[in-house]
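The values are calculated or read from the model by the stated rules, or taken from the named source; none is laboratory data. Predicted model only: the values in this text are computed from it and were never measured. Cβ placement follows ideal geometry from the backbone for every residue including glycine, while neighbour counts extend to all protein chains displayed.
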Amino acid sequence: MDLDKSLTEIELEKLNDQLALKRNGIDQLRMKLNKSLYDAEVNDQIKLLNINRLRADLEGAKRLQKVGGSTGEDVTRAENALRVAELEKKQLENDLSYNRQSMSASLRETTLQAQIEEKNLKELTHKLKQADIIADRPGVLTWVNENIGSAVNEGEMLAKLADLASFRVEGSCSDVYADQVKVGLPVIVKVNETNLRGLITQVKPAVKNGIVQFVIQLDNSHHASLRPNMKVEVFVITDRVAKAIRVANGPAFKGKRKQYVYVLPKGSQVAHRREVSLGLSNFDFVEIKSGLQAGEQVILTDLSQYEHLEEITIEPKR
């Protein structure tokens, strides 16, 4: 898939030009600052030479005053000239120190602006590379945005690619079981007549329309029976018991912890009522905690209308 990147490429060229101008401005500023500092240092040296000359003039005026060759006014005038020159040199040195700091700050500010321009340029270059729509893995294209000529915003979906080498299962259940569905619980996924094992890796926090959604990672995520968007049965294992007596689940079991069932001895046509205590259950089996022994036959048909009878006779089919 190709995107029209002409406007972005023009913007990239514009940023390149701005960055080049900024770098050229840095070079010009650095040369200007170096010249200003050089001129100030030369002026400071000239001022020092002038002070030395005025100091010599003052010493000469004092010597002439001692021999009567000059007046006190000449000495005072020479002292004032020397003091003015020293103050001017002090002012020049202060300006020189300020200019050094100011010029350094100006150069640092311009350099930071150039760095910002460079980061903007890198960001735009990265976006241009991301605009090349290339699949990062083999798969099957399942959907593509067919609105040719429309503007595409950043982050907008353009195509969907199905990775048929690996699948995951998204399950859902009633929010009644929300407190039982947890990350790490084992799961059995029934695909046609095949049972696949897996684990819950994510439970979505939001409950929509009374439904809790969760994600399952299969142990064999590339099984040949799996297909995209197919519906499967999911059984979440919330608990397990070892060496339990179990009976096939059927209409006789109503979900109560204790209830009556009818046990049919082998070779007999008379079924006896017996109270049993039930444990764990799934769609296939029910755990019998007490009331039955291994090997006994239980009638799975719903006989609740006869449960007031101690025993019932089962007539053989004719």
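Observations on the model:
- For first residues located in region 258-272 and more than 16 Å from T301 (Cβ to Cβ), partners that are of a type outside the set (S, T, Y) and in a strand (DSSP E or B) and lie 6+ apart or on another chain with Cβ distances below 7 Å form the pairs K258/E275; K266/Q297.
- Failed criterion for A224 (all others in (1) out of contact with any strand residue (DSSP E or B) (no Cβ under 8 Å at 6 or more places or on another chain); (2) in a strand (DSSP E or B); (3) small (G, A, S) hold): (2)
- Residues of region 110-140 that are modelled with pLDDT of 80 or more and of a type in the set (D, E): E117, E118, E123.
- Qualifying position, being closer than 27 Å to G139 by Cα and among the hydrophobic types (A, V, I, L, M, F, W, C), among V169, V176, V207, V181: V169
- Hey, A56 part of a helix (DSSP H, G or I), touching a Leu at 6+ places or on another chain (Cβ under 7 Å) and among the hydrophobic types (A, V, I, L, M, F, W, C) or not: no
- Of all residues in region 158-201, those being in a loop (DSSP other than H, G, I, E, B), without any contact (Cβ under 8 Å) to a residue 40 or more places away in the chain and in contact with a His (Cβ under 8 Å, 6 or more places away or on another chain) number 0.
- Options Y306, Y262: the member that is surrounded by 13 or more Cβ atoms within 10 Å (Cβ to Cβ) and under 30 Å from T238 (Cα atoms): Y262
- Test for Q269: is it at pLDDT below 90 and touching a Pro at 6+ places or on another chain (Cβ under 9 Å): yes
- On the stretch given as region 239-259, residues that are assigned to a loop (DSSP other than H, G, I, E, B), of a type in the set (A, V, I, L, M) and surrounded by 11 or more Cβ atoms within 10 Å (Cβ to Cβ) total 3.
- Residues (free of Cβ contacts under 8 Å to residues at least 12 places away in the same chain and part of a strand (DSSP E or B)) located in region 273-298: none
- Cβ-Cβ under 8 Å pairs, at least 6 apart or on other chains, region 86-102 side closer than 19 Å to R30 by Cβ, far side aliphatic (A, V, I, L, M): L96/L37; L96/A40; N99/L37; N99/A40; R100/L37
- Within the option set K256, K266, K289, being basic (K, R), touching a Gly at 6+ places or on another chain (Cβ under 8 Å) and not assigned by TED's automatic domain parsing to the domain that holds K190 holds for one residue only, K289.
- Out of K119, K89, sole residue that is over 30 Å from L12 (Cα atoms) and part of a helix (DSSP H, G or I): K89
- Candidates A162, A131, filtered to the one that is surrounded by 13 or more Cβ atoms within 10 Å (Cβ to Cβ) and touching a Gly at 6+ places or on another chain (Cβ under 7 Å): A162
- Looking at E88, E109, E73, just one residue is loosely packed, with under 15 Cβ neighbours inside 10 Å, closer than 30 Å to L37 by Cβ and over 60 Å from the mean Cα position of the chain (by Cα), and that residue is E88.
- Of all residues in region 204-213, those satisfying the criterion of being assigned to a strand (DSSP E or B) and either more than 24 Å from the chain's Cα centre (by Cα) or more than 10 Å from E170 (Cα to Cα) (or both) are K204, P205, A206, V207, K208, I211, V212.
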